[in-house]
Amino acid sequence: MNITESFRTALDSLRANKMRALLTMLGIIIGIAAVIGLMGLGEGFGELIEDEINSVGTNLIFVASDSENGYPTLTEDDLYALAEDGRNTAVAAVGGVVGQQTEVTAGSNDQFAIVNGVTGNYFALTNNDVLERGGLFDEIDDASFAQVAVLGSDIAYELFDGMNPIGQSITVNNTRFDVVGVLVPGDGGASGDTDSNVYIPMNVALQRLDLQETRFGEPAMAQIVAQAADETQVDAALEQISLTLREQHDLVYGAEDDFSLISQSGLVESFSTISDTMTVFLGAIAAISLVVGGIGIMNIMLVSVTERTREIGIRKAIGAQRRDILAQFLLESLILTLIGGVIGLALGVVVSIVGGGYLSLTPVISTGTVALAVGFSASVGIIFGIYPAWKASLMRPIDALRYE
Amino acid sequence: MIELTNITKTYQMGETQVHALRGIDLTITQGEFVAIIGTSGSGKSTLMNIIGCLDIPTSGDYVLNGENASQLDDDAQARIRNREIGFIFQRFNLLARTTAVRQVSMPLMYSGIGTTERENRAVAALTSVGLGERVDHKPDELSGGQQQRVAIARALVTEPSLLLADEPTGALDSVSGEEVLQIFERLHAEGKTIVMVTHDMDVANRAKRIIRLRDGMIVNDYQVHQPVAPFDTTDSNVVIHNLEETA
Ligand SMILES: Nc1ncnc2c1ncn2[C@@H]1O[C@H](COP(=O)(O)OP(=O)(O)OP(=O)(O)O)[C@@H](O)[C@H]1O
Ligand SMILES: [Mg+2]
């Protein structure tokens with residue numbers, strides 16, 4: 001008997017047993033669809049997080065004080081030392097921020113807000129430079145001690161009752177600042193939620209704000225932001241920054257850093273660990289679905305063993321050879337897993353796209369996931385399709401006919 | 001055409017051995033119509049299954065059409081079953097949810113005959129057993145007698161030299177049974193070799209030769225000259241005056 005005949009026999013047999021075929025296929029469909037749907041969403045979520053982090057600005061390194069007996073350690077001098085020409089070759093730009101939580105007034109309105117003094121390049125460095133209206137202040141404004149302010153969108157709304165604040169002024173610690181710009185709401189870039197923040201130039205801030213001080217009485221930087229020259233130099237930049245700051249702070253060999261460095265790539269890594277964990281979690285759920293689907297397939301196959309063994313007995317009694325039986329059953333399983341696989345795949349894609357729509361993320365369906373899902377279900381389908389046939393084909397026809 | 005020499009069949013049931021056949025010597029020639037009778041458990045089915053190459057003997061030789069069938073491997077036996085033997089079972093053994101014409105054409109598929117010829121021959125075989133109108137019926141759409149006739153058509157379609165039937169009328173009412181027997185008689189008239197197992201003396205008497213088994217041995221083997229009245233088949237010691245011993 002040739003392969004075409006075996007194929008025809010397999011199709012006839014499937015057609016004659018539609019219910020059994022459908023139920024088997026259902027197991028395969030459920031397994032594959034669940035894996036592809038869930039894994040697609042999980043990996044899509046991972047990419048979403050990564051994109052989010054990358055949108056913050058690439059190659060950024062954040063320097064924070066590690067408090068020393070309660071005193072912060074970073075100073076304006078540290079900022080200059082890091083920015084000094086030719087010293088930190090892997091560092092392209094350095095910006096700083098100081099801050100005080102204080103009362104801000106505009107006319108009869110007043111609000112408690114975080115007032116940040118920032119260097120002129122800070123907005124661009126932290127990707128927080130999109131304006132709703134007006135402009136930003138820059139290094140020149142900073143150097144000239146300009147008394148100007150850029151407002152977050154919420155605080156601008158609160159202080160000016162929704163009116164245009166550009167050209168108006170606000171008062172902070174009895175000092176007047178002209179409002180020159182309002183930032184767009186929402187995306188605070190690397191600084192997080194900044195809609196309620198007030199930004200003034202660093203130099204003015206050092207004079208006018210009541211800042212935390214180091215143990216030597218100098219005003220302390222809340223944070224220094226450095227940008228590595230490019231992606232490949234992030235590690236070099238980290239090294240150089242660390243060396244410079246240790247020198248600045250007169251740390252002896254073996255003493256612990258009194259600051260900490262967090263790089264963007266480090267963040268990406270730790271977040272992708274989180275999303276990997278999530279993918280593994282979803283993968284575990286998916287694996288359970290695979291097993292459930294697999295058990296479904298197994299059940300159908302095993303329940304039909306008696307009938308199928310008798311069928312094999314009949315076929316052998318009228319002259320089927322072993323390979324005829326095996327070819328028929330192998331083809332039956334292949335046809336079922338193929339059709340079930342395609343349907344499961346399509347369903348999984350639909351599930352992940354619909355789910356992705358609800359979660360506003362783009363699902364990522366990797367070949368690995370597809371291979372895993374299809375491979376597992378197909379193996380279960382084929383193994384449990386073939387195994388009883390293989391066993392029954394070894395029996396004498398009379399034993400197969402009597403099987404119950 | 002059939003030559004059994006000292007055939008035994010022993011089943012191992014845990015500790016105990018069941019001797020289903022204990023040394024059968026039997027020759028059946030081309031064109032004979034033989035009935036095998038005997039009490040339940042006497043080994044009739046076991047013998048038939050060995051003759052039909054559905055089972056192998058524990059010892060002894062079985063030569064079918066000059067070929068030693070007891071020494072063949074599984075696939076070679078399958079070929080013999082396909083070409084030389086048509087087997088009819090008490091319980092039909094049709095495939096579920098499969099049309100009559102497919103059932104009947106299946107043996108031809110296993111002997112490598114093309115679809116069109118297969119179909120034609122299957123329809124012809126079904127027509128010859130009076131089921132020309134029922135070719136597209138599935139087993140659950142046929143009566144018991146019709147199912148058995150499908151099984152006969154399936155056994156005949158390959159034009160085997162030997163037709164074996166294990167209680168072919170056992171599951172049928174008398175009318176359906178009679179139809180089956182008439183088909184057998186016609187086939188016998190056409191020259192087919194037929195071996196049939198039965199419990200029913202009336203059925204056995206339709207054959208030309210009767211072999212009686214008891215406890216796995218042949219105790220009687222005689223030609224039927226004319227039909228006899230029914231008698232107690234469980235008592236193999238009944239002396240049958242109007243039959244002539246041949247063994
Ligand atoms: N597969 C088996 N395993 C064990 N013992 C078996 C097997 N098949 C048959 N036997 C035993 O062999 C003996 C002969 O059985 P067989 O089926 O040939 O009897 P039979 O003459 O056909 O009986 P019946 O008229 O009831 O069909 C019985 O004792 C039976 O129990
Ligand atoms: Mg029997």
In region A:153-171, what residues are among the small types (Gly, Ala, Ser) and closer than 16 Å to residue A:105 by Cβ?
A:156, A:169
Identify all residues within region B:82-125 that are over 30 Å from residue B:63 (Cβ atoms), within 21 Å of the chain's Cα centre (by Cα) and facing chain A (nearest Cβ under 7 Å); write none if there are none.
B:95
Enumerate the helices (runs of 4 or more DSSP H) found wholly within region B:1-117, keeping only those where 1 or more residues are away from ligand 2 (no atom under 16 Å from the Cβ).
B:74-84, B:100-110
Please go through region A:8-28 and pick out each residue that is away from every other protein chain (no Cβ under 14 Å) and either open to solvent by less than 20 Å² (accessible area, probe 1.4 Å) or among the acidic types (Asp, Glu) (or both).
A:24, A:27, A:28
Counting only helices (runs of 4 or more DSSP H) wholly inside region B:137-233, the ones holding at least 2 residues that are touching a Phe, Trp or Tyr at 6+ places or on another chain (Cβ under 9 Å) and open to solvent by 20 Å² or more (accessible area, probe 1.4 Å) are B:144-156, B:174-189
Of the residues in region A:65-106, those that are in a strand (DSSP E or B) and of a type outside the set (Ser, Thr, Tyr) number 15
It is to be established whether one or more residues within region B:55-64 are within 16 Å of ligand 1 (Cβ to nearest atom), of a type outside the set (Phe, Trp, Tyr), within 10 Å of another protein chain (Cβ to nearest Cβ) and surrounded by fewer than 24 Cβ atoms within 10 Å (Cβ to Cβ).
yes
Residue under evaluation residue A:31, criteria (1) buried (at least 17 other Cβ atoms within 10 Å of the Cβ); (2) within 14 Å of chain B (Cβ to nearest Cβ), criterion not met
(2)
Select from region A:358-394 the residues that are crowded, with 17+ Cβ neighbours inside 10 Å and closer than 15 Å to residue A:305 by Cα and list them in ascending order.
A:381, A:382, A:384, A:385, A:386, A:388, A:389, A:392, A:393
Contacts under 6 angstrom Cβ, first residue in region A:246-270 being assigned to a helix (DSSP H, G or I), partner open to solvent by less than 60 Å² (accessible area, probe 1.4 Å), 6 or more apart
A:248/A:78; A:248/A:81; A:264/A:60; A:265/A:234; A:267/A:53; A:268/A:53
Out of everything in region B:1-36 that is within 12 Å of ligand 1 (Cβ to nearest atom) and among the hydroxyl-bearing types (Ser, Thr, Tyr), what residue ends up being farthest from the other protein chains (Cβ to nearest Cβ)?
B:16
Do the conditions hold for residue B:49, that is, is it open to solvent by 30 Å² or more (accessible area, probe 1.4 Å) and either farther than 23 Å from residue B:89 by Cβ or within 15 Å of ligand 1 (Cβ to nearest atom) (or both)?
no
Reported set for region A:352-404 where residues are within 14 Å of chain B (Cβ to nearest Cβ) and among the polar types (S, T, N, Q) is A:393
Mind telling me which of the residues A:321, A:328 ends up being within 14 Å of chain B (Cβ to nearest Cβ) and surrounded by 22 or more Cβ atoms within 10 Å (Cβ to Cβ)?
A:328
Checked region A:360-386 for anything free of Cβ contacts under 8 Å to residues at least 60 places away in the same chain and in contact with a helix residue (DSSP H, G or I) (Cβ under 8 Å, 6 or more places away or on another chain); matches are A:382
The listed residue being touching a residue at least 24 places away in the same chain (Cβ under 8 Å) and small (Gly, Ala, Ser), out of A:344, A:357, A:319
A:344
Could you tell me whether any residue of region B:18-38 is more than 14 Å from residue B:193 (Cβ to Cβ), among the hydroxyl-bearing types (Ser, Thr, Tyr), at pLDDT 95 or above and surrounded by fewer than 24 Cβ atoms within 10 Å (Cβ to Cβ)?
no
Selection within region A:144-184 - surrounded by fewer than 15 Cβ atoms within 10 Å (Cβ to Cβ), within 40 Å of the chain's Cα centre (by Cα) and either at positive phi or in a helix (DSSP H, G or I) (or both):
A:161, A:162
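The values are calculated or read from the model by the stated rules, or taken from the named source; none is laboratory data. As the structure is a prediction and not an experimental result, all values here were calculated from the model. Because the Cβ atoms are built from the backbone with ideal geometry, glycine has one as well, and the counts that use them run over all protein chains shown. The accessibility values were calculated without ligands, DNA or RNA, using every heavy atom of the protein model including side chains. Shrake-Rupley method; radii C 1.70, N 1.55, O 1.52, S 1.80 Å.
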